[in-house]
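Q: Before anything else, here's the structure in question.
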Amino acid sequence: MGKQMDSRRAARAAKTTLAALALLAWHGAAQAQTATLEAGLLHHRLSDGLGQWNQQFVRGTWRTSEATVWNADLVNARQFGAHGTLAVAGVTHVFNDDWYGSLGGSYGSSFFYPKGRADAVLNRKLGAAKNIVATFGVTAVNARDGHRDRSVLLGVSWYLPNALVLQGGTRINRSDPGGVMANAKYVAATWGYNKQQYISVRYDQGEEAYQYIGAGVTDLLVNFRSNVASATWRKWLGPTHGFQLRAEAYHNPYYNRRGLEAALFKEF
């Protein structure tokens with residue numbers, strides 16, 4: 001049938017903005033930390049009697065060279081009345097002045113997380129100033145009930161003066177069994193400076209072929225559209241520590257989800 005977008009969007013949000021911030025630092029020629037550790041909480045309320053989401057998470061990055069950053073996340077979650085954990089690992093590498101890419105994988109232990117997910121992304125800097133980045137990515141997701149998603153990501157990022165970055169793209173997704181297309185689009189903007197603060201906003205909209213809201217066979221939403229808006233504020237309180245706040249609002253024809261994520265981070 002298809003893609004369980006709400007939980008997977010939330011998983012991607014939980015995965016972290018740390019890798020993206022590391023790339024902003026590279027573009028801005030900012031000082032690079034060796035490692036970052038972040039821990040926090042998430043609380044979301046759902047409408048239509050679907051209860052609450054609660055998460056505790058730890059995130060980290062580790063720079064092993066000037067060109068390579070590893071990242072890992074561990075999430076303990078309660079969603080739709082069930083408990084689950086999510087483990088994420090990945091690496092981002094700068095190949096040369098024009099090319100950089102990333103590999104990532106994740107494993108979830110409950111119906112609302114994928115049993116397995118793998119991502120590969122390649123980025124190319126364009127233009128005389130190398131301030132435009134074209135992105136191509138592929139993703140494979142296997143759900144616990146046998147559903148499979150295979151998708152292609154096409155995106156562009158524009159690094160403007162005055163510390164502004166604009167982004168946009170689309171994800172073309174095929175879900176099986178059934179060969180259902182469930183595509184999505186996004187736009188985003190980020191402003192800020194490393195060691196000071198980053199403020200970002202993002203909006204996604206698209207199609208969902210399926211979404212489980214419970215462990216039972218009947219707890220299944222099929223073939224609908226949804227959208228999600230988020231805003232993130234990452235603030236340094238000192239040279240190596242600070243906090244991050246993220247607000248998110250999700251909507252589909254069956255329920256709404258609203259909530260906040262709060263975290264503290266330390267750089268080494």
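The values are calculated or read from the model by the stated rules, or taken from the named source; none is laboratory data. Only a predicted model underlies this, so the values are computations on that prediction, with no experimental measurement involved. Here Cβ is always computed from backbone atoms with ideal geometry, including for glycine, and neighbour counts include all displayed protein chains.
Q: Applying the selection to the stretch 250-268, what residues are surrounded by fewer than 15 Cβ atoms within 10 Å (Cβ to Cβ) and within 19 Å of the chain's Cα centre (by Cα)?
A: Within the stretch 250-268, 258, 260, 262, 264 qualify.
Q: Now a separate question. Would you pick out the residues in the stretch 99-146 that are at positive phi and among the basic types (Lys, Arg)?
A: 130
Q: Looking only at residues in the stretch 60-89 that are more than 21 Å from residue 118 (Cα to Cα) and without any contact (Cβ under 8 Å) to a residue 24 or more places away in the chain, which one is surrounded by the most Cβ atoms within 10 Å (Cβ to Cβ)?
A: My answer is 64.
Q: Oh, and also: Can you name the residue in the stretch 106-120 that is surrounded by 19 or more Cβ atoms within 10 Å (Cβ to Cβ) and assigned to a strand (DSSP E or B) and, of all such residues, is farthest from the chain's Cα centre (by Cα)?
A: Residue satisfying both the conditions and the ranking: 108.
Q: Turning to a different aspect of this structure: What are the residues in the stretch 130-147 that are in a loop (DSSP other than H, G, I, E, B) and closer than 30 Å to residue 218 by Cα, if any?
A: Pass one, the stretch 130-147, residues in a loop (DSSP other than H, G, I, E, B): 130-131, 143-147.
Correct list: 143, 144, 145, 146, 147.
Q: Starting from the stretch 174-194, keep only residues that are within 25 Å of residue 140 (Cβ to Cβ) and buried (at least 18 other Cβ atoms within 10 Å of the Cβ), then list their pairs with residues that are at pLDDT below 90 and of a type in the set (A, V, I, L, M) whose Cβ atoms are within a distance under 9 Å, requiring at least 6 positions of separation or different chains.
A: 174/180; 175/1; 175/209; 180/1; 180/209; 182/5; 182/209; 184/5
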